1. Through the Karplus equation 6.51 cos²θ - 1.76 cosθ + 1.60, θ set to phi - 60°, convert the phi angles of the stretch 51-67 into ³J(HN,Hα) values in whole Hz; use x for Gly and Pro.
2. Can you sort THR138, THR17 by how many other beta carbons sit within 10 Å, fewest first?
3. Taking Cα pairs under 8 Å and at least six residues apart, what relative contact order does the stretch 110-369 come out at, in percent?
4. Neighbour counts of other C-beta atoms within 10 Å: give me SER295, SER197, SER150 arranged from fewest to most.
5. When a footprinting reagent is the concern and you count Cβ atoms within 10 Å, what order do TRP356, TRP27, TRP228 take, fewest first?
6. Starting from 0.36 nm per residue, how many nanometres of slack lie between ASN10 and GLN251 once their C-alpha separation is accounted for?
7. Once the Cα gyration tensor of the stretch 8-51 is found, what semi-axes does its equivalent ellipsoid get, as square roots of 5 times the eigenvalues, in whole Å, sorted largest first?
8. Take the alpha carbon atoms of the stretch 110-369, find their radius of gyration, then divide it by 2.2 N^0.38 Å using N residues; give the quotient.
Amino acid sequence: MLEEIIKRLNLLINPVTGKTFEQENRWKHIAMEGDKLVAEYMRDGISPSEKREIEQKIAESLNDLIIADKIMIKTVSTQSQDVFKALDNNKSSPSPSPATEPAQIKAGHGTIDKKKSVPGVGKIIAIGSGKGGVGKSTFTANLALTLSKSGKKVGIIDADIYGPSLPMIFGKRDEKPRSNADKKIIPVESFGIKFMSFGFFINEQDPVIWRGPMLGGVLNQFLFDVDWTGLDYLLIDLPPGTGDIQLSMIQNAHVDGAIVISTPQDIALLDAKKGAEMFKKLNLPIIGMVENMSSFVCHQCGTEHFIFGEGGVKKAVEIMGLNFLGKIPLEIELRTGSDKGEPYMAQEKFSTRPVWNAFMSVAEQVENFFVPAPNPSQVKNGFFGKILGLNK
Ligand SMILES: Nc1ncnc2c1ncn2[C@@H]1O[C@H](COP(=O)(O)OP(=O)(O)OP(=O)(O)O)[C@@H](O)[C@H]1O
Ligand SMILES: [Mg+2]
């Protein structure tokens, strides 16, 4: 089987140059480790979005031989340095200001203590998906902006170590977080949202090879060593997948709810179901599922096209007994806004668009999820009792 895998991987086209990986001698290592395929390629000249495209193509080209969960792609580049070395370098950089100094994250093992609450934070919400590229980061960023419209203070942890994208979405790619006098990391702020990302600590070109338990440690730091005081909501943008990495990330903190994102496509849905199962296993209340990229409405003719299939997520939630939080259509400006660092929900000019309304509706449901159910006796005597005809 390995021979066939190597043959197909060699034929992979680099979208930047149009040449095959074999012609460019990009593969550095391809091997089976147990039932897992480990493949490492030279990433020079390949942007994060092209990297995503390549990794999707790898999974597609091998899908009759090996399931995507068992494929581990690593990258190296000529400017590569070990991620832990990068963190060490960061540690030794001089401090230009006495009040703040460059923040450090330590790559250590997670403390396996009881679930802790994050000081100063109202509700923590984990946002996950089984499959990559379904719009988790886009959703998280725009949900945060929508929640902040009703005056809520919102923060985000970008826990996606493989493709941290929040610095780009919020237009803060070159930011270097600093720590305050109490040695707490000060989150970066953009459009009123405070956020912290692995992207601030690693070079975009660096290989990121983490081991599961270490990730738990780093996320722990993002939860407990960052100054999140004053937040109503802290959203965690998890890396795609439902494995040990995701589990080790969220098992230490007291998370109040989870949202699963999927496209209506069958394969994404299968993974989304796995995502929901993972949150259930961790006894996390699932706020609901969101269908992203649900359809595309042609601006010229107004016809709605169901590019990834129709209504798949709604059917799935019915089977799983989960809430359906809504559909977010495909919208070019949602992507271009993210690419330019001008997120969609921060631009009032879109306030009449279906995507805007979809985010407003999801945010409202998220807020309602945490409102305690009214006491029946209050319902009986109050306003709702009156309209429900319960008042005698
Ligand atoms: N509804 C949408 N309409 C148009 N483009 C979208 C939509 N949702 C997401 N995108 C675009 O799709 C791409 C993937 O989205 P995003 O990076 O948010 O996915 P992700 O699930 O976080 O991916 P990853 O698994 O790599 O972290 C991005 O280019 C994003 O701008
Ligand atoms: Mg992402």
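No value in this document is a laboratory result; all are computed from the given coordinates. Keep in mind the model is a prediction, meaning the values are calculated, not measured. Every residue, glycine among them, receives a Cβ derived from its backbone with ideal geometry; neighbour counts consider all protein chains shown.
1. Values per residue, Gly and Pro as x: 4, 4, 4, 4, 5, 5, 5, 4, 4, 5, 5, 10, 5, 8, 10, 8, 6 Hz.
2. On the way: THR138 22, THR17 11.
Going from sparsest to densest Cβ surroundings: THR17, THR138.
3. Numbers: 529 pairs, mean separation 68.8, N = 260.
Dividing the mean separation by the residue count of the stretch 110-369 yields 26 percent.
4. On the way: SER295 20, SER197 29, SER150 11.
Starting with the residue having the fewest Cβ neighbours, the order is SER150, SER295, SER197.
5. Working: TRP356 20, TRP27 16, TRP228 23.
Exposure proxy ranking, most exposed first: TRP27, TRP356, TRP228.
6. Values: separation 241, 0.36 × 241 = 86.76 nm, distance 3.91 nm.
Fully extending the segment from ASN10 to GLN251 adds 82.9 nm.
7. Numbers: eigenvalues 82, 28, 15 Å².
Working from the Cα gyration tensor, I get semi-axes of 20, 12, 9 Å.
8. Working: Rg = 17.4 Å, N = 260, 2.2 N^0.38 = 18.2 Å.
Cα-based Rg divided by the globular estimate yields 0.96.
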